[in-house]
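Just so you know, all these numbers are worked out from the coordinates, no wet-lab data involved. Only a predicted model underlies this, so the values are computations on that prediction, with no experimental measurement involved. In this analysis, Cβ positions are derived from the backbone assuming ideal geometry, glycine residues included, and neighbour counts consider all displayed protein chains.
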Amino acid sequence: MDHIGPQLEKIEQNIKLNTADPVARDGFTQVPNFILRNPDLSVGAKVVYAMFLSYAWHNSLCYPGQTRLARDIGMTQPRVAQLIGELEDAGLVAIERRGQGKTNVYTINFVVKKKGSNTKV
């Protein structure tokens, strides 16, 4: 599955926002309904997934540090690490660890596979 970032860069932007409204100016993030309606995910994991989408849509990549993510959400870094683990266990994100002192690269999975399985959900 291709990343959507390069596809979005090809789209000509033809809408300009002329607003002082900070909500409209800072944009929106859409979260798939299968995430919102998943009873197996905690509310915190859903928020972390939404933040990953927010970072990825605006930057074409997703590699926030857990400290930054925790600050943006208003949680502690250990709690964010737990929630990221929950998303990884559910097959919703894949984590590429780049080494000590560097942020991880997160791949957001829209075609969900259970971890350790070849079966799509």
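Things to note:
- Where labels lie 7 Å past Cα in the beta-carbon direction, separation of Arg37 and Gln100 in nm: 4.7 nm
- Proximity of backbone amide H atoms, modeled 1.01 Å from N, is registered between Gly91 and Lys115 at under 5 Å, excluding neighbours fewer than 5 places apart on the same chain.
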